[in-house]
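J.: Just dropping this structure here.
The values are calculated or read from the model by the stated rules, or taken from the named source; none is laboratory data. Please read these numbers as outputs of a predicted model, since none were measured by experiment. Cβ: placed from backbone, ideal geometry, glycine included. Neighbour counts: every protein chain shown.
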Amino acid sequence: MSRKPDPVRDWLASRVAAGVTPGGTWWIESEATVLSRGAFGDASRLPRSVAATEGTPYDLASLTKPLATALLAVLLEQEGRLDLDAPVAEWIDELHGSPYETVSLLELGAHRAGLPAWRPLYLEVSSLPGYLWRIAAEEPAVPRGEELYSDLGFVVLGAAVERAGEAPLDRLFHDRIAGPLGLGMRFARRPDRIDGAAPTEEGNAYERSLAGDPGEGYAWRTTSIHGEVHDGNAWALGGVAGQAGLFGTASEVATLGREIVTPDRLPLGPGARGRLLEPAGGTGGRTFGFVTASASDAARGVFPETARGHTGFTGTSLWLDPERRLVAILLCNRVHPVVREIDFQQERLAFHRLATGFA
């Protein structure tokens with residue numbers, strides 16, 4: 001039987017041929033009806049070629065922010081165990097006396113705390129309290145209230161969620177989200193690996209270059225990063241952090257996206273959904289955990305302004321259009337075997353143009 005023509009599959013095959021990514025998986029649905037799904041290319045190129053399948057788990061990278069950390073935070077707030085409008089120092093003692101002690105958890109989740117975008121924290125410390133002390137010592141990169149995407153903010157937010165939830169982030173995610181939904185999606189806590197996961201880089205060359213001279217002498221990974229988190233700060237924390245560490249398949253990400261758009265099995269009330277889907281404080285390009293369509297090069301001009309989404313450095317993305325109940329997912333390992341200097345946002349934009357054409 002011949003396969004029904006699918007413009008998404010054909011376009012993705014062209015991206016493999018162009019060397020943009022070795023392969024990946026995708027999922028597009030509207031009104032809970034699957035419009036297009038599948039796998040393309042290879043999950044792995046080294047040490048041998050392994051075809052990508054719909055069951056291949058991918059390092060979701062920064063999709064961890066909305067799908068684990070932010071989602072857990074709004075569930076905890078709904079239960080009265082966390083107040084996102086409260087100062088972060090109520091939960092993070094390490095930030096007392098810092099420029100960030102009065103910043104709210106909501107501002108952290110909307111990237112308005114003034115924190116720098118990234119630092120190789122693992123070069124100086126290797127524990128979560130150590131990370132927090134090191135972040136507290138950072139000078140603000142922008143004034144409070146100005147949006148600057150920051151991994152450091154979600155390191156702090158993940159710590160607050162753990163302290164409010166009285167359990168490690170990966171256990172909270174399993175017990176409160178993945179378990180009730182019957183998902184195998186999980187964090188890659190060391191020394192465990194995610195079986196069958198698509199690999200990312202061969203070693204840590206990209207972060208090594210970002211770290212510069214201070215990285216001399218650090219024990220960088222030099223072999224294939226396979227089934228373990230690519231992000232160096234998350235890796236040094238044992239594979240579990242507020243900004244990265246989650247692995248999953250396209251169908252699993254779709255299940256979570258569907259729950260956010262139209263809650264069914266998760267107790268996600270209107271207030272909690274509003275935190276995730278409405279601009280923080282009523283204005284700006286970010287919600288608590290997501291970015292608006294007009295503020296993202298991956299969605300601007302293709303999705304309506306009411307759409308929300310997020311991307312991950314490894315090549316992952318999730319976009320939600322609540323009005324049409326549209327869920328669009330693209331999971332790639334475009335950093336395998338090396339990080340290429342490609343404007344991947346434009347690739348995502350082209351994918352989303354095709355995705356919205358179905359609905």
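J.: Is it the case, given these coordinates, that Thr21 is part of a loop (DSSP other than H, G, I, E, B) and closer than 16 Å to Ser317 by Cβ? Even if it seems obvious, please write down each step before you answer.
T.: Working: part of a loop (DSSP other than H, G, I, E, B): yes; closer than 16 Å to Ser317 by Cβ: yes.
Yes.
J.: Just checking, which of Gly269, Gly274 is within 22 Å of Glu31 (Cα to Cα), at pLDDT 95 or above, surrounded by fewer than 15 Cβ atoms within 10 Å (Cβ to Cβ) and touching a helix residue (DSSP H, G or I) at 6+ places or on another chain (Cβ under 6 Å)? Explain how you work it out, then say what you get.
T.: Working: Gly274 fails: touching a helix residue (DSSP H, G or I) at 6+ places or on another chain (Cβ under 6 Å).
On inspection, the qualifying residue turns out to be Gly269.
J.: For the stretch 294-344, give me every one of the strands (runs of 3 or more DSSP E) that falls completely inside it and has 3 or more residues that are modelled with pLDDT of 95 or more and more than 18 Å from Val261 (Cβ to Cβ).
T.: On the way: elements: 308-312, 316-321, 326-332.
Here the list is empty.
J.: Can you tell me how many residues in the stretch 203-237 are assigned to a helix (DSSP H, G or I) and under 19 Å from Ser150 (Cβ atoms)? Explain how you work it out, then say what you get.
T.: As a first pass, look at the stretch 203-237 and keep what is assigned to a helix (DSSP H, G or I): 205-211, 213-215, 232-236.
If we keep only those that are under 19 Å from Ser150 (Cβ atoms) as well, we get 206-207, 210-211, 232-236.
Total meeting the criteria: 9.
J.: Those residues that are buried (at least 19 other Cβ atoms within 10 Å of the Cβ) and either of a type in the set (A, V, I, L, M, F, W, C) or outside any loop (DSSP other than H, G, I, E, B) (or both), I need them from the stretch 177-199; list them, please.
T.: Across the stretch 177-199, the qualifying residues are Ile177, Ala178, Met185, Arg186, Phe187, Ala188, Ile194, Ala197, Ala198.
J.: So, one more: Can you find, within the stretch 52-69, the residue that is surrounded by the fewest Cβ atoms within 10 Å (Cβ to Cβ) among those that are among the polar types (S, T, N, Q) and part of a loop (DSSP other than H, G, I, E, B)?
T.: Thr53
J.: Same structure again: Write out, first by first residue and then by second, each pair whose Cβ atoms fall under 9 Å of each other, whose residues are 6+ apart or on separate chains, and whose first residue, in the stretch 18-33, is in contact (Cβ under 8 Å) with a residue 24 or more places away in the chain while the second is of a type in the set (Asp, Glu) and part of a loop (DSSP other than H, G, I, E, B).
T.: Partner pairs satisfying both residue conditions: Thr25/Glu54; Trp27/Glu54.
J.: Checking Gly281 against (1) within 21 Å of Leu60 (Cβ to Cβ); (2) of a type outside the set (D, E, K, R); (3) modelled with pLDDT under 95; (4) not in a loop (DSSP other than H, G, I, E, B): exactly one of these is not met. Which one?
T.: Status for Gly281: all satisfied but (1).
J.: May I ask you to list pairs of residues, at least six apart or on different chains, whose Cβ atoms are under 6 Å apart, with the first in the stretch 43-67 being farther than 16 Å from Asp195 by Cβ and the second being assigned to a helix (DSSP H, G or I) and of a type in the set (A, V, I, L, M)?
T.: Leu67/Leu256
J.: Of the conditions (1) free of Cβ contacts under 8 Å to residues at least 40 places away in the same chain; (2) touching a strand residue (DSSP E or B) at 6+ places or on another chain (Cβ under 8 Å), Asp83 fails just one. Which one is it?
T.: In the conditions (1) free of Cβ contacts under 8 Å to residues at least 40 places away in the same chain; (2) touching a strand residue (DSSP E or B) at 6+ places or on another chain (Cβ under 8 Å), Asp83 misses (2) alone.
J.: Taking only pairs six or more apart or across chains, which ones have beta-carbon atoms under 6 Å, a first residue in the stretch 235-257 that is of a type in the set (Asp, Glu), and a second residue that is crowded, with 23+ Cβ neighbours inside 10 Å and modelled with pLDDT of 95 or more?
T.: Glu252/Met185
J.: Is it true that some residue in the stretch 200-217 is of a type outside the set (A, V, I, L, M, F, W, C), closer than 22 Å to Gly248 by Cβ and crowded, with 19+ Cβ neighbours inside 10 Å?
T.: Yes.
J.: Suppose we filter the stretch 336-356 for residues that are surrounded by 24 or more Cβ atoms within 10 Å (Cβ to Cβ) and within 25 Å of Pro47 (Cβ to Cβ); how many remain?
T.: So the answer is 1.
J.: Further question: Please go through the stretch 193-221 and give me each residue that is among the polar types (S, T, N, Q) and at pLDDT 95 or above, ordered by number.
T.: Thr200, Ser209
J.: Look through the stretch 6-31, keep the residues that are buried (at least 24 other Cβ atoms within 10 Å of the Cβ) and small (Gly, Ala, Ser), and return whichever of them is farthest from Pro322 (Cα to Cα).
T.: Going residue by residue through the stretch 6-31, those that are buried (at least 24 other Cβ atoms within 10 Å of the Cβ) are 12, 21-28.
Retained after the next criterion (residues that are small (Gly, Ala, Ser)): 23-24.
On the way: Gly23: 28, Gly24: 25 Å.
Within the stretch 6-31, the match that is farthest from Pro322 (Cα to Cα) is Gly23.
J.: Here's another thing I want to ask about it. Of Ala254, Ala280, Ala250, which residue is more than 21 Å from Arg186 (Cβ to Cβ), hydrophobic (A, V, I, L, M, F, W, C) and in contact with an Asp or Glu (Cβ under 9 Å, 6 or more places away or on another chain)?
T.: On the way: Ala254 fails: more than 21 Å from Arg186 (Cβ to Cβ); Ala250 fails: more than 21 Å from Arg186 (Cβ to Cβ).
Just one listed residue meets the conditions, Ala280.
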